[in-house]
Amino acid sequence: MFGPPRLCDVVTMTAGGTDSAEGLAVFMRAQAAVIDAGFLGLGDDPSPEVVHDVRVATRRLRTALRSFSSLVDLDAESRTEVEEDLRWLARQLSGIRDADILTQNLGQRLAALPDELVMGPVREEITTTLSDARRAALAELAAEQDSPRYRQIRETVSGWRRTPPLTDDAGQQIEVQGREILARRRSQARQRLATASVDPLQTHEARKAVKRLRYTADVLAPVLPEARKLAKRAKRLQRRLGSHQDAVVEVEFLRAQARTFGPREGSNGFVYGVLLADAERRASEVEEGVLRL
């Protein structure tokens, strides 16, 4: 069974009580610890919590490598290779995570509908489709677990759990460069949000930029008081944008379900229509004031 550390423990550990000389090292070690421990849980049937925690930790570690690249004691080629390996690992888990999120969210949507509207075997159809999708994604992950790339990233994060590759003056440089790094991430997020405000299809890119800002601010929080406040604001905005993205994914899934099961004898496409209308409404909404940072 997958044990500690959990991502929630890591956030608590890195959020306070750390000076500038240790903040980035603690942050990187903590993310590496989650991923390294997560490898043990990514076996035949990893829990949704394991999959989620490992994916988030890979994003946090990639952000640290990119935002604080001048403080990382790796040449550009090696750093890029590690970033790409972490991105690749997250992609191996994306199909599993998508199935988990849809299972949870659509279960809640169906439970909220009046019983008289849930006609036909819609629950069974959704469960079957998502269970099959999760098994297929698990099989793809299992096929990669003996690959050289999988072994390499596992070896890398295991080493970083003990000693992340930082320059000797990383602590001093964080104090010197911190505000500039944070301002750059905030500017990037604002640009993405401005685009999303006129084109809701760009909210996913905006959400990723807000995540990068939040993770960068988390590292700088012990050094810069304004970073702590900005991290909290970015977290709230990230959650709102995440709800929008979940709705977009639901729309695509429900359309496919309706095409597959709606015409079948014994099924009832009406329920998919009800769920789809609700998902489309949520996907089209970008609340006034949400896209501000």
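Nothing in this text is a laboratory measurement; each read-out follows from the coordinates by a stated rule. Just so you know, these numbers come straight off a predicted model, no measurement behind them. Using ideal geometry, Cβ is built from the backbone for each residue, glycine included, and neighbour counts are taken over all protein chains shown.
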Q) Mean residue ellipticity at 222 nm from the helices of the chain, using -39,500 (n - 2.57) per DSSP H segment of n ≥ 4 over the full residue count, to the nearest 500 deg cm²/dmol? A) -27000 deg cm²/dmol
Q. Taking only C-alpha pairs under 8 Å that are 6+ residues apart, what is the relative contact order of the chain in percent?
A. 23 percent
Q) Which is the longest stretch in the chain that no exposed loop site breaks, taking sites as GluC sites (Glu not before Pro) with a DSSP loop state and at most 15 other Cβ atoms within 10 Å? A) 1-264
Q) If you stretched the chain out fully between GLU22 and ASP168, how much longer would it get, using 0.36 nm times the residue separation minus the C-alpha to C-alpha distance? A) 51.4 nm
Q | GLU77/ALA183 FRET efficiency (R0 30 Å; Cβ-Cβ; nearest 0.05) | A | 0.60
Q: Between SER69 and PHE270, with labels modelled 7 Å along Cα→Cβ, what's the label distance in nm to one decimal, could you check?
A: 5.7 nm
(Q) Please compute the Kirkwood hydrodynamic radius of region 11-143 from all pairs of different C-alpha atoms, in Å with one decimal. (A) 17.2 Å
Q | Ranked MET119, MET28, criterion: other C-beta atoms within 10 Å, fewest first | A | MET119, MET28
Q. Which order do LYS229, LYS211 fall in if you start with the one that has the fewest other Cβ atoms within 10 Å?
A. LYS229, LYS211
Q | Difference of contour (0.36 nm per residue) and Cα-Cα distance, GLU84 to ARG282 | A | 68.0 nm
Q | Calculated FRET value between SER158 and THR260, using beta carbons and R₀ = 51 Å, to 0.05 | A | 0.75
Q: Would you tally the net charge around GLY269, using a Cβ to Cβ cut-off of less than 14 Å, leaving GLY269 out, and scoring K and R as +1, D and E as -1?
A: +1
Q: Work out the length of the dipole vector of the chain about its Cα centre, built from +1 on the beta-carbon of each Lys and Arg and -1 on the beta-carbon of each Asp and Glu, and round it to the nearest 20 debye.
A: 1000 debye
Q. For labels at LEU110 and ALA136 in the simple 7 Å Cα→Cβ model, what's the distance in nm?
A. 1.9 nm
Q) Mind checking which helices in the chain clear 24 Å along their axis (Cα) and have mean Kyte-Doolittle hydropathy of -0.5 or more, DSSP H runs only? A) 20-41, 48-67, 122-144
Q. What are the extents of the Cα atoms of the chain along their three principal axes, listed from largest to smallest and rounded to whole Å?
A. 69, 47, 32
